[in-house]
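Have a look at the structure below before the remarks.
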Amino acid sequence: MYYQYILVIKLKNKYLKFLIIIILIIYISSYYVANSGYYEYHKQIETVIINEKIKEFENDIKEGNIIDNKKYLESPIDYTNRISNTLYNISNNGTKITRKLIKYLFKKVSYLMEDD
């Protein structure tokens, strides 16, 4: 019977319940964004654009064209903001904590299972 109380969080304050639910939804959505490859996809696009600019720069040098720094340093539009970066960091930290917790639990279980 005691294990039922461990799994169920009984909170008397409805605002606290609402806050926990919102935090849980934010965590799950940010975890999904981090693990769906969205962030890595945008970093890959940036890498492709940078490589194209490098090739363009090298061709201009070979052809003897006038080199303008502004032409090569144009950055693609960055859609990230503080909220998305914060959620991404929260998701990564949550993943690290979860992995540590799982490793710890498995160490304890393996210790109990060992034959001496």
Within the bounds of the range 47-65, is there any residue that is surrounded by 11 or more Cβ atoms within 10 Å (Cβ to Cβ), touching a helix residue (DSSP H, G or I) at 6+ places or on another chain (Cβ under 6 Å), in a helix (DSSP H, G or I) and modelled with pLDDT of 80 or more?
-> yes
Within the range 81-107, restricting to residues that are of a type in the set (V, I, T) and within 13 Å of A34 (Cβ to Cβ), the one that is surrounded by the most Cβ atoms within 10 Å (Cβ to Cβ) is I90
Could you look through the range 66-97, keep only residues that are of a type in the set (S, T, Y) and not in a loop (DSSP other than H, G, I, E, B), and pick out the one that is farthest from I23 (Cα to Cα)?
-> Y72
May I ask you to list pairs of residues, at least six apart or on different chains, whose Cβ atoms are under 8 Å apart, with the first in the range 12-29 being over 26 Å from Y88 (Cβ atoms) and the second being modelled with pLDDT under 80?
-> K17/L11
Mind counting the residues in the range 29-67 that are in contact with a Ser or Thr (Cβ under 6 Å, 6 or more places away or on another chain) and farther than 16 Å from T80 by Cβ?
-> 1
Condition set surrounded by fewer than 10 Cβ atoms within 10 Å (Cβ to Cβ) and not aromatic (F, W, Y), scope the range 8-39, selection modelled with the highest pLDDT: answer is K14
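The values are calculated or read from the model by the stated rules, or taken from the named source; none is laboratory data. Owing to the predicted nature of the structure, the values given are computational and were not obtained by experimental measurement. Because the Cβ atoms are built from the backbone with ideal geometry, glycine has one as well, and the counts that use them run over all protein chains shown.
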